[in-house]
1. Out of all the residues in the stretch 338-381, which are more than 23 Å from Val407 (Cα to Cα), surrounded by 15 or more Cβ atoms within 10 Å (Cβ to Cβ) and among the basic types (Lys, Arg)?
2. Checking Gly332 against (1) under 18 Å from Leu35 (Cβ atoms); (2) open to solvent by less than 60 Å² (accessible area, probe 1.4 Å); (3) among the small types (Gly, Ala, Ser), only one condition comes out false. Which one?
3. Give all pairs with beta carbons closer than 9 Å in which a residue from the stretch 347-371 that is of a type in the set (Gly, Ala, Ser) meets a residue that is loosely packed, with under 14 Cβ neighbours inside 10 Å; count only pairs at least 6 apart in sequence or on separate chains.
4. Whether any residue in the stretch 84-101 is in a strand (DSSP E or B) and either surrounded by fewer than 19 Cβ atoms within 10 Å (Cβ to Cβ) or without any contact (Cβ under 8 Å) to a residue 60 or more places away in the chain (or both) is what I want to check.
5. Output the number of residues of the stretch 228-248 satisfying the condition of being open to solvent by less than 20 Å² (accessible area, probe 1.4 Å), of a type outside the set (Gly, Ala, Ser) and touching a residue at least 60 places away in the same chain (Cβ under 8 Å).
6. Go through the stretch 102-122 residue by residue and tally those that are part of a helix (DSSP H, G or I) and closer than 30 Å to Val346 by Cα.
7. Within the bounds of the stretch 465-483, is there any residue that is closer than 24 Å to Leu383 by Cβ, more than 34 Å from the chain's Cα centre (by Cα) and modelled with pLDDT under 95?
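The values are calculated or read from the model by the stated rules, or taken from the named source; none is laboratory data. Note that this is a predicted model, so its numbers are computed, not measured. Ideal geometry is used to build each Cβ from the backbone, glycine not excepted, and the neighbour counts take in all protein chains shown. Side chains included, ligands, DNA and RNA excluded: accessible areas come from the protein's heavy atoms. Shrake-Rupley method; radii C 1.70, N 1.55, O 1.52, S 1.80 Å.
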Amino acid sequence: MHWADVIAEEVANTCDHPLIATGISPTGIIHVGSLREAITGESVRSAVEAMGKDVRLIYLIDSFDPLRKRYDFLPDEYEKYVGMPISRIPCPCGKHRNYAHHFVQPFLDAVDSLGVKCEIIWTHELYEEGKFAPYIDMAMKKRDQVIQILHEVTGKDANPDYAPYNPICEKCGRFTKPIFDNYEFPYVWYECSCGHCGKADIRKAEGKLTWRLEWPAKWMIFGTSAEPFGKDHAAAGGSYDSGKRIVSEIFGGKAPYPIPYEFVQLKGVGQMHKSLGCSVTGLDAINMTPPEVLNYLFLRVNPSKAIDYDSGLGTLDMADEYDRMERLYFGGEWTESEDNSVRAYVIAQHNHIPQKLPLQIPYRHLVNVAQMAPDFEGVMEVLSRTEDMSKASSEDIERLKRRVSCVRYWLNGFAPDMVKFSVLQSVPQDADLSMNEKVYFQALVKRMNDCVWNSENITEIVSDIAKSSPIGTKGAYKALYKILIGKTAGPRLGPFLASMDQKFVVNRLIQASL
């Protein structure tokens, strides 16, 4: 049984209208690992929905978090905004409502392409609407009890100066510490380090709960049934452990079903961190991997296991694996060891599976075709030489368009040089062809001029003539790549030549043989 089905069954049995919560703090560049939470939440949501339950998935944007430091990717002027809520800091590019919106909105637009059916909720708006006020009031009135719970859960010394709520200074705009003894609903008094003294109204967005209080307060506001979160929060003494006690003993509620997940690591780079920037962002992953394949990448392994994300050739391997699971599903037969992977394929479609096996063009072949044609119409023309495209449905064409777009993005930023090429318009001037190579090309012209133009036949002709040529098979392949793409190696030669126009190839051989 797939892990998403196991969790969904547990959640569905606990309430009639389950709510699954996910979230993100957009304090900086959003890395690929952040996708795991959204996709995990959506997989459970769709599995619960398949059981006939009325289920919701919310995506909480922690837009009221402070900017903790000026990150390297920010201009020097952003130093003055450190300590302010990110919803009140200007957008770095000037095109978005604020700092938080700048970093998260493009990511949210892209996540939508993965089929994640979630409601977007901005935390700063919850504060503006007064949704946190009852829990701020409880936390301030039971502050001593909160301090004791944190001491018992974390094992750290009890801190008598711990502030469950931090007001925002009305003068400098930064979060500051409250004066505890003067609290009287709804006002919290403060004395800021900038020298200003004032009071904050907890019914308005004039301050916020600290994370260990804010998280359980969100559970209360939404009645959260289940929530995926990083393993750091699930560690002994972490914020989930303290949240369980605070939601129960301070707020009088119940903690959601926990879905802790391991981190996603860039292969060969190491663990990524949300606010430090990274070489592969969540947007990159979405743009270079077909949506259904990216879903599958995260769903094929249990959340408790780490994922090594390979933005190089591993991207092609994952697409191949996905396509193989799709064929197994529609073939109706697979081994017991493949059962979870086939189920991951199903969930990756959010349980909306195609009626029949979609048109499958090998991803590696698309990598080659995308470099042989300037646009999608050209891609279709190249494919028509080796594939029967007449039976392609409109859904097949749309899927193919997405995949070609992903391939182009991958080629432009993440593909290793070994797979990159361009078909040259003529024999390169520096080809330096030997007489033996020219004689070989002349022999090819005679056989290829009127042969049946397909991969198998081309491969046979190339090899047959090479065996009786002084340059040999390896030399023949090198010579052909040299006159076509200016390299000594390239795509699988048979399918590559078959994808080209026959007259173009013959004319190139004639040109090279002179």
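1. Arg343
2. With (1) under 18 Å from Leu35 (Cβ atoms); (2) open to solvent by less than 60 Å² (accessible area, probe 1.4 Å); (3) among the small types (Gly, Ala, Ser) applied to Gly332, the lone miss is (1).
3. none
4. Within the stretch 84-101, the subset in a strand (DSSP E or B) is 85.
In the following step, the residues that additionally are either surrounded by fewer than 19 Cβ atoms within 10 Å (Cβ to Cβ) or without any contact (Cβ under 8 Å) to a residue 60 or more places away in the chain (or both) were identified as none.
Among the residues of the stretch 84-101, not one is in a strand (DSSP E or B) and either surrounded by fewer than 19 Cβ atoms within 10 Å (Cβ to Cβ) or without any contact (Cβ under 8 Å) to a residue 60 or more places away in the chain (or both), which makes the answer no.
5. Adding up the residues that qualify gives 3.
6. In the first step, residues of the stretch 102-122 are kept if they are part of a helix (DSSP H, G or I); the result is 102-112.
Add one more test, that the residue is closer than 30 Å to Val346 by Cα, and what stays is 104-112.
Residues in the stretch 102-122 being part of a helix (DSSP H, G or I) and closer than 30 Å to Val346 by Cα: 9 in total.
7. Going through the stretch 465-483, the residues closer than 24 Å to Leu383 by Cβ turn out to be 477, 480-481, 483.
Narrowing the set further to residues that are more than 34 Å from the chain's Cα centre (by Cα) leaves 477, 480-481, 483.
After this cut, where a residue has to be modelled with pLDDT under 95 as well, the list is none.
Within the stretch 465-483 (the criterion being closer than 24 Å to Leu383 by Cβ, more than 34 Å from the chain's Cα centre (by Cα) and modelled with pLDDT under 95), the answer is no, since none of the residues qualifies.
Condition check ((1) buried (at least 23 other Cβ atoms within 10 Å of the Cβ); (2) of a type outside the set (Phe, Trp, Tyr); (3) not in a loop (DSSP other than H, G, I, E, B)) across all residues:
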residue: Ala4; (1), (2), (3): yes, yes, yes
residue: Glu9; (1), (2), (3): no, yes, yes
residue: Val48; (1), (2), (3): yes, yes, yes
residue: Asp54; (1), (2), (3): no, yes, no
